[in-house]
There are 2 protein chains.
Amino acid sequence: MQSEREVLEQMKRLIEPGSIAIVGASDQISKVGGTITHNLITSDYHGKVYLVNPKKDTIYGRRVYKSVLDIEDEVDLVEIVVPAPQVPQVLEEAGRKGVKGAVIISSGFSEVGNFELQEQVYNIGRKYGMRLIGPNCFGIVNTGIGLDLTFTFTRATKGNISFISQSGAMCCGALDWAALNEVGFAKFINLGNKVDVDEADVLVYLKNDEQTKVIAMYIEGFKNGRHFYEVAREVCKVKPVIALKAGFSEAGSRASRSHTGSLSGSDQVISAAFKQAGIIRVYDIEALLESAVVFAEQPPPEGSNVAIVSNAGGLGVMTADWLSSLGFNIPVLSSEVQSRIKSSILDIGSPVNPIDMTGAADYNSYYNVIRALMEEPSIHLIVPIYVSQGLVTSDIPARAVVDVLKEYEKTTLSFWVGGASIMEGRMILRRNRVPCFSSAERLAKAAKAMYDYTVFRRRREEDDCN
Amino acid sequence: MQSEREVLEQMKRLIEPGSIAIVGASDQISKVGGTITHNLITSDYHGKVYLVNPKKDTIYGRRVYKSVLDIEDEVDLVEIVVPAPQVPQVLEEAGRKGVKGAVIISSGFSEVGNFELQEQVYNIGRKYGMRLIGPNCFGIVNTGIGLDLTFTFTRATKGNISFISQSGAMCCGALDWAALNEVGFAKFINLGNKVDVDEADVLVYLKNDEQTKVIAMYIEGFKNGRHFYEVAREVCKVKPVIALKAGFSEAGSRASRSHTGSLSGSDQVISAAFKQAGIIRVYDIEALLESAVVFAEQPPPEGSNVAIVSNAGGLGVMTADWLSSLGFNIPVLSSEVQSRIKSSILDIGSPVNPIDMTGAADYNSYYNVIRALMEEPSIHLIVPIYVSQGLVTSDIPARAVVDVLKEYEKTTLSFWVGGASIMEGRMILRRNRVPCFSSAERLAKAAKAMYDYTVFRRRREEDDCN
């Protein structure tokens, strides 16, 4: 087994390359190689880019090389987009050139039963000490250096979430979802068939990556579960890791085996290992993405006391129900805080908790009440709720929440109910990094994941002290 | 206690009035009375509309009456939008005029502690045999006759869901959500303080309403739980009833008491009663709306066998996990069906179940595979899944699903993953009444609610036969 330091260095060369050669470059956007070429040269990447294609002289006016071996300068990474049978030769040439990393986009390996060809690729990588991502993958993104090595049509924007997925389809879905929801990524890595680089290798890199605040993973199976566990355990001490591991049902694991050809392992063992390592396990793609956003945008709550502030009594009650059922307290507020709140809401409202500000709640009500809660040390999580009732438009309470958060820091998760009329409020919250839910259940579950992480880290810190 | 027949006749006059007088009519759209007047006269309602306001002579060129008593013709319903202290007099006049129903929008009654005034209103209603909705309510909608008696800015469109809510805020949220998601309503009733008409009365009406396919309720508390249970029990035999009853946690019920002034009752008792009556209980506003849509648009599955058809293996596995965990079977398909499927998908796909058609799946793959599943009698529920992978746009599989459903009928719930690039497909599905989820968990829970209802109805039919 390599040392963490070695792995980190290798991964850095793969994910932060100073120079890249695309083998199979093309100017035909309808081809995968064409999309990749186009995505890379139109991205913000400032490193050297070399295009390789034996059948072309120029692409977009740039010089095209016949082989990697013809490139005069050093190359950190080759991205390979040639038919599968040609991959070994291209890799050989890259190895001889001294390239230390490759992203193999080409498909036609173990996923179609061609284990022999994949083995051959593996051996060439070993021979030259080259780390390989793929084959049969969608590519990688590093927004930290403006690098886009994928064939997506939906470009990832800059953010703090790093996403690792075995499945390319899941990458497409995640990027598409993220673009619509204005969610950005730090690193975005599709591992494909995992001939060499696996989740554990990438985790080592992401643990040390400053841009990454939270790691979201979609996992189908493990090459080396024990090693993954050991690495993940260390990473979870430093930043939250959320994982979606499908295939826990009999039908699901039957399909999972046929899909990836890999054994998915006993689900109970996986759950126990995830828990011990500190990995937050989710069971749905929506939950994976939503909880990643929450961790990226808000600090985990330092305790389990919640204050709920709503302009509709029923929504406050519903949210209190969900949060209570997941272990949070919704304490009666002190008489001091209650009297501060009373001065900002109508008499028919309730300052107890959940706070019912009634439909008349305006900017001042939201602003003053939330500020009072920010200043109350016994409250660890604030949940502002809004439903449009025609009087106060959705942007107004959103601005109040955002304005308070300019001066104070405390975990804040919002819940805006409705359709078109809450769009503006949602956008204001989102752009100011306040997660905005459309469901009390999902809000409560995200809050629970965050608080579980707080508890996990405290326990781990205590363990380390003892 | 009145007979069901009597209640039905009274409710018909309230919800299907032939003539209406708005007392407190106005041409100032900024006032509640103005919005109500505007909404009613611009709605598709073909009955007679009389405007009453002692301070006006004409509104929008129409004659304005000083009092309901001045109207020459019969009036079925008065809608009252005057300050609370004036409500008793207006009601008295309506009673003397022989009006048998009133919707009281005005607030300032029990919700602000003014129980005496509410009692007075109640007594006038009793004296004249007048049924009263409200006070402190948002109004009612009957799209069946184009009637809009609310002060909403988001008009309800025609559909098969009837919505009953005690809370006006919840009505606003639901209408706003429905407009964005192109979901229509049959009847939309806000009960407000429930001085007289309550959920049970409306249920009697909706049970007999042909336009209503499913009933969604938001309940804060009961006036007469026993009576509600008995009525609901009969309604559930005929059509599904979904209810969100908030306030199950200690903090939630504390707030619920303060919010509505009514005792919310022991939650365990409520859960047991709901179950026995056949009411489908949900715990989130999103779940209430989404499951109502599912019941309105698709027939409940006749059994628990599901076939999953995906263009991404992992999404099929995830969905199989969720459905399995809620009691569905995902059976291995017969070799006959498998061979039919095989001819429409790539060799690297899997025809077993969940069916993995791979990212190459096009219109023909979706169409042929779903048709084969429609023709397989052992399958009761079909779940088509799609994630955009750049090759086949989201409208293509949506059209395939819709086209198969033109010829066949079997419960179909879809799961489209992504953001902007799946919008078109979602819209096609939605407009053709195929529910489209963005989460495997929520899809599975909606499927479960539907199947539970199938089981409940079968048992009830057996009971009735014995």
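The values are calculated or read from the model by the stated rules, or taken from the named source; none is laboratory data. Owing to the predicted nature of the structure, the values given are computational and were not obtained by experimental measurement. Cβ coordinates were reconstructed from backbone atoms using ideal geometry, including for glycine residues, and neighbour counts include every protein chain displayed. Areas reflect the complete protein model, heavy atoms only, side chains present, ligands, DNA and RNA absent. Shrake-Rupley method; radii C 1.70, N 1.55, O 1.52, S 1.80 Å.
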query = Restricting attention to region B:1-23, and to residues there that are in contact (Cβ under 8 Å) with a residue 12 or more places away in the chain and open to solvent by 30 Å² or more (accessible area, probe 1.4 Å), which single residue is farthest from the chain's Cα centre (by Cα)?
reply = B:Met1
inquiry  = Name the residue that is nearest to the other protein chains (Cβ to nearest Cβ), counting only residues in region B:336-360 that are under 15 Å from A:Ala169 (Cα atoms) and among the small types (Gly, Ala, Ser).
reply    = B:Gly359
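Among what's in region B:289-312 and is part of a helix (DSSP H, G or I) and charged (D, E, K, R), pick the residue that is farthest from the other protein chains (Cβ to nearest Cβ). I'd like the intermediate steps shown before the answer.
Just the residues of region B:289-312 that are part of a helix (DSSP H, G or I), to begin with: B:289-297.
So of that shortlist, the ones also charged (D, E, K, R) come out as B:290, B:297.
On the way: B:Glu290: 9, B:Glu297: 18 Å.
Among them, the one singled out is B:Glu297.
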query = For A:Gly125, all conditions in the list (1) more than 14 Å from every other protein chain (Cβ to nearest Cβ); (2) within 17 Å of the chain's Cα centre (by Cα); (3) among the small types (Gly, Ala, Ser) hold save one; what is the number of the exception?
reply = (2)
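Being within 14 Å of chain A (Cβ to nearest Cβ) and either assigned to a strand (DSSP E or B) or small (Gly, Ala, Ser) (or both) is the filter here; which residues of region B:394-418 pass it?
So the first thing to find is which residues in region B:394-418 are within 14 Å of chain A (Cβ to nearest Cβ), and the list is B:394, B:397, B:415-418.
B:Ser394, B:Phe415, B:Trp416, B:Val417, B:Gly418, listed by residue number.
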query = Across region B:196-226, what is the total count of residues that are open to solvent by 40 Å² or more (accessible area, probe 1.4 Å) and within 16 Å of B:Asn142 (Cα to Cα)?
reply = 4
query = Consider B:Ser421 against the criteria (1) farther than 14 Å from B:Pro299 by Cβ; (2) over 24 Å from the mean Cα position of the chain (by Cα); (3) away from chain A (no Cβ under 14 Å): it satisfies all of them except one. Which criterion is unmet?
reply = (3)
remark   = When region A:318-336 is checked residue by residue, the ones that are open to solvent by less than 10 Å² (accessible area, probe 1.4 Å) and closer than 30 Å to B:Gly419 by Cβ are A:Met318, A:Thr319, A:Leu323
note = Of the candidates B:Ala273, B:Ala178, the one satisfying the condition of being open to solvent by 10 Å² or more (accessible area, probe 1.4 Å) and among the small types (Gly, Ala, Ser) is B:Ala273
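What residue, of B:Ile219, B:Ile279, is more than 19 Å from B:Gln298 (Cα to Cα) and of a type in the set (Val, Ile, Thr)? Before you say what the answer is, go through the steps one by one.
Working: B:Ile279 fails: more than 19 Å from B:Gln298 (Cα to Cα).
It is B:Ile219.
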query = Filter region B:371-388 for residues that are out of contact with any strand residue (DSSP E or B) (no Cβ under 6 Å at 6 or more places or on another chain) and buried (at least 24 other Cβ atoms within 10 Å of the Cβ); which is nearest to B:Glu336 (Cα to Cα)?
reply = B:Ala372
query = Just one of the numbered conditions (1) closer than 30 Å to A:Lys275 by Cβ; (2) surrounded by fewer than 20 Cβ atoms within 10 Å (Cβ to Cβ) is not true of A:Arg430; which one?
reply = (1)
ask   = Given A:Ala21, A:Ala84, which one is assigned by TED's automatic domain parsing to the domain that holds A:Gly125 and under 21 Å from A:Arg155 (Cα atoms)?
value = A:Ala21
message = Cβ-Cβ distance below 7 Å, separation of 6 or more or different chains: which pairs start in region A:377-388 with a residue that is away from chain B (no Cβ under 14 Å) and within 15 Å of A:Thr411 (Cβ to Cβ) and end on one that is in a loop (DSSP other than H, G, I, E, B) and of a type in the set (Gly, Ala, Ser)?
response = A:His380/A:Gly303; A:His380/A:Ser304
ask   = Considering only region A:180-208, how many residues are under 13 Å from the mean Cα position of the chain (by Cα) and among the small types (Gly, Ala, Ser)?
value = 2
ask   = Hey, does region B:377-388 have a residue that's within 23 Å of the chain's Cα centre (by Cα) and of a type in the set (S, T, N, Q)?
value = no
ask   = Of all residues in region B:433-462, which are out of contact with any helix residue (DSSP H, G or I) (no Cβ under 8 Å at 6 or more places or on another chain) and open to solvent by 70 Å² or more (accessible area, probe 1.4 Å)?
value = B:Arg458, B:Arg459, B:Glu461, B:Glu462
inquiry  = Name the residue that is nearest to the other protein chains (Cβ to nearest Cβ), counting only residues in region B:424-466 that are outside any helix (DSSP H, G or I) and not polar (S, T, N, Q).
reply    = B:Phe437
query = Within region B:238-253, is there a residue that is closer than 27 Å to B:Gly108 by Cβ, open to solvent by 10 Å² or more (accessible area, probe 1.4 Å) and either aromatic (Phe, Trp, Tyr) or at pLDDT 95 or above (or both)?
reply = no
remark   = Taking region B:276-285 and keeping residues closer than 22 Å to B:Cys171 by Cα and either among the β-branched types (Val, Ile, Thr) or open to solvent by 20 Å² or more (accessible area, probe 1.4 Å) (or both) leaves B:Ile279, B:Ile280, B:Arg281, B:Val282, B:Tyr283, B:Ile285
query = Out of all the residues in region A:74-116, which are over 24 Å from A:Tyr50 (Cα atoms), buried (at least 20 other Cβ atoms within 10 Å of the Cβ) and out of contact with any Gly (no Cβ under 7 Å at 6 or more places or on another chain)?
reply = A:Phe109
For A:Tyr363: the one exception among (1) away from every other protein chain (no Cβ under 14 Å); (2) hydroxyl-bearing (Ser, Thr, Tyr); (3) crowded, with 19+ Cβ neighbours inside 10 Å = (3)
ask   = So which of A:Leu391, A:Leu315 ends up being within 14 Å of chain B (Cβ to nearest Cβ) and open to solvent by less than 50 Å² (accessible area, probe 1.4 Å)?
value = A:Leu315
query = Could you count how many residues in region B:24-34 are within 16 Å of B:Ile140 (Cα to Cα) and open to solvent by 10 Å² or more (accessible area, probe 1.4 Å)?
reply = 1
